[in-house]
Amino acid sequence: MARSRRDQELPHAPLHVFLGLATLVTVYPVLWVVSIAFSGRQTLAIADVPSDPTFLQRLRAVVPWPQQWSTANFTSVMTDQPFGRWVLNSVVVAIFTTLLGIFLSCTAAYAFSRFKFPGRRAGMMSFLISQMFPGVLTLIPLYIIMVQVLGLGNSRLGMIIVYAATSIPFSVWMLKGYFDTIPKELEEAAIIEGASAGTIFWRIVLPLAKPAVAITALFSFMTSWNEFILAATFMDKEDMYTAPVGLRFFVGGFSQQWGYFAAGSIIVSIPVVVLFLYLQKYLVSGLTAGSVKG
Amino acid sequence: MTAPSHRLRFLAGLVLAGGLAAWLAHGFASDARRRVAADGEVRRAVVALRAVTSLVESSGGEGDGARRAVVAWQAGAPGVVQLRVARGMQLEASSAAGDAGGQAAPRRLAREEKPLYDRAQRIATAVRTNREEQGGRKDEVEVERLPSGGLSLAAPLDLDGAPVGIVELETAPLPPAPSTPWWPFLLAVLVPAAAFGLVMLLAGQRRAVLAVAATFLLAASLFVLSRGTVARIGEERRQAAASVAERVREQASLVRSASVSLGLPASAADPAGWDVDPFRRPRGEVASDGSVVETRREAAVEEEVRHLGRSLLAAALLALALLLLIGLGAFHRLGRTIKVNRQAYVYIAPALLGMMVLVFYPFTYGITLSFTDSNIYNTQKPLADLWVGLRNYGDILGDFAFAKKVEGGFVFNYLNFYWTLLFNVFWTVTNVTIGVTSGLLLALVLNTRALALRPVYRVLLILPWAMPNYITALIWKGMFHQQFGIINQLFQMVGLQAVNWFDHPFTSFLAALTTNAWLSFPFMMVVSLGALQSIPADLYEAARVDGASRWQAFRAITLPSLRPALVPAVILSVVWTFNMFNIIYLVTAGDPGGSTEILITQAYKFAFERYRYGYAAAYSVVIFGILLVYGVFQNRYSKATEA
């Protein structure tokens, strides 16, 4: 009897050891950033290592615990450094990108879901294929259009337009899938009652689709919040940087302000990490469902 | 609903399409004529400038000799407003209106004459640069339009083969650009329309006959029109060549007579070398005796004609397409479709417009760019002038120079496309393998029933996926720092040497691999965990009853159940990793020497660090092609496995 139980279940202790190690490796870089951020210094090292260190001193240098706790990096990154402005840029860009992108995607997804019209299939397919365009290929013409033709380099508006347009395909596919699940009878009933198409969309379908819209909006927000390449290419004036470009500014090239970087990273990451942990189950089902269908 | 008359539709199509073609053709033709006329004027002015330069050079290039040469030359050269010779800070000679009396040359350049000094410096630099690079990139002969309508030209003054100053010449206002009359273009529309009127009477409503007739009439009329226009351009180009040759003969005799009267040695300069391009390379269209070299001229005419002919052909094709679209009722039907489905299109229009302008148009533009030699020096020019056909693709795909021979061995050529591709594939395969293995392993362990702290482990293990990946990249870059990085501290703690991670391709790769593995395993873990939890426990129960071992149960139950979830996840993760720009760009930055570059970062660097836009675009198209091929194969494969 005892033997068969062991057959069924492995002992838990080694599993805990294994998981503990894996978690340690996973969490270590995060702890490292936290200790640099709270060290109050700009260096990469957690602790100073003398020129001829003992084993203990070396061990001290890898333990993610600052030598002394200080919030100096947080206060000065927000006051002495233009980081507050960069975060503001990111917030403005991300919020308006989300609003614009969601508005465009909702209407388009609704049409794709509800109306039969010539070009429907082609439209959906072209949205899907556009996801395969290599970013760099469209980056050069986008740069020419936005910066050289429209003069929207170094402008939040330019970033908002570009991000919103690039977020459309993903959002449309997510939302269309949800609209498809809303029973058509509701709308038919409304039509009989004499509701116009606009009323049906705004007053009936959108409120029903609220959860899907909210989730799509949050993904759209996270994507523009985390975007780096486009922002780095379009925003070359220091006060127009977004947070990602600004963080890289702290530690790119010859700049070595790791304390500011760490503090800034924590400020920037917390909202998205929280959002992500809340949203990840939708992301997984959405992504895998999409690729199975496609 | 009554069908509108085929006759009227074709007539409208003919007029509209013909009108469009005529309008475009007029634009192209007048552009071409203006360009030919302006080029001719510039070349004539350049000949004069080069002639006087050679006279000044043979007079020794300074002092009274140079001044007398300038005076003698200008007496015989009408149409020249002023001439200045500058060497360094010194104005050697000048015939400008203000430079008389106390201001007369020779004297130091005044403060407000700085533009002349700058110009001399610029030209001297251009000469040296071109000589070093053995080619032409910077203008040695500068031509500017003056507000008065004349030209201001400057060319280097060479003594003993080195630029010592410049000669600058200002011409009188040029004759106005030729205007192109409208009537031939109007006729090209009216004549076929009138002829089609006759056909309409005869053919009635037979659609095929009408279509053929309208197409034929429009094509014939546009053919005649473009023949005429092209012939005219050729003629004007020949006239321009003749007038340049005439200017060369004039100048040759002027220089000869001036040399005699000043008692200078006969100039050694060859008049054939006066007609030059901006890089002082003779065009070769005029011979030493001032006659036109017919073969060269005809080649130039041919070039001009082909250029215009191509534009006209495009206009004609566009017009024919429009004619057929209108005539066969496509526009009519399109209009009706839009009307019927108005609501749907209104809902889609905003999104579609945004996608068109910011996604599809850039994509098409990028593909066009890939056939050109566009780079930072020539962004102003129209793409048609930079067309190089498939050359970029040839350069990328046809370059098999993997290694360069240097003293004592070989050096890998990391800029080579195939090297980058190979590395990119290796990078993808290693990453996905590690991601799947570690993710699956952790999922299996986490799936153990009644394991304490399971939700805590799960949240902590997902953390890397939640972090923005550019931050992850920068964190790991810091941890791999040679002197202060944690990784090297750990190495030293256990008695190993500190490694300079980004100094060797392999260690650099390891650094990027570690970073990417860290951030990519949670995705696989979450996907596998979801699939594992959906496997009904009865299956294992049944297997146990049947006496299957743990391994057998894994092989027969777990793996097949994971498959539907894992296959799409792997497909997705292959594409993500293949294009993982942020990790490579921020962690290794391609170090050392571009060896750890993947295709997408390489393309980015060609565009935004080496500024070769056309080449970078071709590079990206190749990447797109690779992904497309992968997509098609993957689709086949997953279909085959589903069946």
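Residues that are surrounded by fewer than 18 Cβ atoms within 10 Å (Cβ to Cβ), closer than 30 Å to B:SER549 by Cα and among the aliphatic types (A, V, I, L, M) within segment A:16-55 comprise A:VAL17, A:LEU21, listed in sequence order.
Residue by residue, here is whether (1) modelled with pLDDT under 90; (2) on the phi > 0 side of the Ramachandran plot; (3) not in a helix (DSSP H, G or I) holds:
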residue	(1), (2), (3)
A:PRO244	no, no, no
A:GLN256	yes, no, yes
A:ILE266	no, no, no
A:TYR282	yes, no, no
A:ALA289	yes, no, no
A:VAL292	yes, no, no
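Count of segment B:479-488 residues, restricted to those that are facing chain A (nearest Cβ under 7 Å) and part of a helix (DSSP H, G or I), is 2. Only one of the listed residues (A:SER171, A:SER196) is in the same structural domain as A:ILE270 (by TED's automatic domain parsing) and under 22 Å from B:TYR361 (Cα atoms). That residue is A:SER171.
Quick check: is even one residue across segment A:102-119 on the phi < 0 side of the Ramachandran plot, under 26 Å from the mean Cα position of the chain (by Cα), assigned by TED's automatic domain parsing to the domain that holds A:TYR241 and without any contact (Cβ under 8 Å) to a residue 24 or more places away in the chain? Yes, segment A:102-119 contains a residue that is on the phi < 0 side of the Ramachandran plot, under 26 Å from the mean Cα position of the chain (by Cα), assigned by TED's automatic domain parsing to the domain that holds A:TYR241 and without any contact (Cβ under 8 Å) to a residue 24 or more places away in the chain. Exactly one residue out of A:SER39, A:SER51, A:SER70 is touching a residue at least 40 places away in the same chain (Cβ under 8 Å), in a loop (DSSP other than H, G, I, E, B) and more than 10 Å from chain B (Cβ to nearest Cβ): that is A:SER39.
Listed by first and then second residue, the pairs with beta-carbon distance under 8 Å, at least 6 apart or on different chains, first residue in segment B:207-225 and over 18 Å from B:LEU312 (Cβ atoms) and assigned by TED's automatic domain parsing to the domain that holds B:VAL15, second in a helix (DSSP H, G or I) and among the small types (Gly, Ala, Ser), are B:VAL209/B:ALA203; B:LEU210/B:ALA203; B:LEU210/B:GLY327; B:ALA211/B:GLY327; B:ALA213/B:ALA203; B:ALA214/B:GLY13; B:ALA214/B:GLY327. When you scan segment A:150-159, do you find a residue that is within 8 Å of chain B (Cβ to nearest Cβ), part of a helix (DSSP H, G or I) and in contact with a Leu (Cβ under 9 Å, 6 or more places away or on another chain), even just one? No - not one qualifying residue is present in segment A:150-159. Based on this model, can you work out whether A:THR181 counts as more than 12 Å from every other protein chain (Cβ to nearest Cβ), buried (at least 24 other Cβ atoms within 10 Å of the Cβ) and within 22 Å of A:ALA217 (Cα to Cα)? The answer is no for A:THR181. For segment B:55-69, the count of residues that are assigned by TED's automatic domain parsing to the domain that holds B:VAL305, of a type outside the set (Gly, Ala, Ser), free of Cβ contacts under 8 Å to residues at least 60 places away in the same chain and in contact with a strand residue (DSSP E or B) (Cβ under 7 Å, 6 or more places away or on another chain) is at least one.
Here's the yes/no breakdown for (1) part of a helix (DSSP H, G or I); (2) under 30 Å from A:THR54 (Cβ atoms):
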{"position": "B:THR437", "(1), (2)": "yes, no"}
{"position": "B:PRO455", "(1), (2)": "yes, no"}
{"position": "B:LYS477", "(1), (2)": "yes, yes"}
{"position": "B:PHE491", "(1), (2)": "yes, yes"}
{"position": "B:VAL499", "(1), (2)": "no, yes"}
{"position": "B:LEU510", "(1), (2)": "yes, yes"}
{"position": "B:LEU513", "(1), (2)": "yes, no"}
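Scanning segment B:607-627 for residues that are more than 7 Å from every other protein chain (Cβ to nearest Cβ) and within 23 Å of A:GLN131 (Cβ to Cβ) turns up B:ALA618, B:TYR619, B:VAL622, B:GLY625, B:ILE626. For segment A:124-141, filtering for residues that are touching a Ser or Thr at 6+ places or on another chain (Cβ under 9 Å) and either more than 7 Å from chain B (Cβ to nearest Cβ) or under 18 Å from B:LEU599 (Cα atoms) (or both) leaves 8.
Specify the residue that is surrounded by the most Cβ atoms within 10 Å (Cβ to Cβ); the eligible residues are those in segment B:361-380 that are at the interface with chain A (Cβ under 7 Å from one of its Cβ atoms) and within 26 Å of A:LYS176 (Cβ to Cβ). Ranking the candidates gives B:PRO362 first. Scanning segment B:523-563 for residues that are within 13 Å of chain A (Cβ to nearest Cβ), within 50 Å of the chain's Cα centre (by Cα) and either more than 22 Å from A:LEU279 (Cα to Cα) or without any contact (Cβ under 8 Å) to a residue 12 or more places away in the chain (or both) turns up B:LEU562, B:ARG563. Inspection of segment B:199-210 identifies no residue that is within 30 Å of B:ALA77 (Cβ to Cβ), of a type in the set (A, V, I, L, M), in contact with a Lys or Arg (Cβ under 8 Å, 6 or more places away or on another chain) and at pLDDT below 90. The number of residues in segment B:392-435 being modelled with pLDDT of 85 or more and either among the small types (Gly, Ala, Ser) or part of a helix (DSSP H, G or I) (or both) comes to 26.
Consider A:PRO14 carefully, then state whether it is in a helix (DSSP H, G or I) and either free of Cβ contacts under 8 Å to residues at least 60 places away in the same chain or more than 25 Å from the chain's Cα centre (by Cα) (or both). Answer is yes for this residue. Each residue in segment B:472-521 was checked for being crowded, with 22+ Cβ neighbours inside 10 Å and either among the charged types (D, E, K, R) or not assigned by TED's automatic domain parsing to the domain that holds B:VAL587 (or both), and 1 of them qualify.
Of the residues B:GLY354, B:GLY309, the single one that is within 14 Å of chain A (Cβ to nearest Cβ) and under 30 Å from the mean Cα position of the chain (by Cα) is B:GLY354. Taking the numbered list (1) more than 11 Å from every other protein chain (Cβ to nearest Cβ); (2) crowded, with 22+ Cβ neighbours inside 10 Å in turn, A:ASP239 passes all entries but (2). A single entry from B:ALA105, B:ALA96 fulfils the requirement of being more than 47 Å from the chain's Cα centre (by Cα), farther than 23 Å from B:PRO271 by Cβ, part of a loop (DSSP other than H, G, I, E, B) and of a type outside the set (S, T, N, Q): B:ALA105. The condition of being under 22 Å from the mean Cα position of the chain (by Cα), within 24 Å of A:LEU247 (Cα to Cα) and of a type in the set (Val, Ile, Thr) holds for only one of A:VAL136, A:VAL147, A:VAL62, that being A:VAL136. Restricting the first member to segment B:325-338 and to residues that are under 15 Å from B:ALA17 (Cβ atoms), and the second to residues that are modelled with pLDDT under 85 and in a helix (DSSP H, G or I), the beta-carbon pairs closer than 6 Å and six or more apart or on different chains are B:LEU325/B:PHE331.
The values are calculated or read from the model by the stated rules, or taken from the named source; none is laboratory data. Because the structure is a prediction, the values reported are computed rather than measured. Cβ coordinates were reconstructed from backbone atoms using ideal geometry, including for glycine residues, and neighbour counts include every protein chain displayed.
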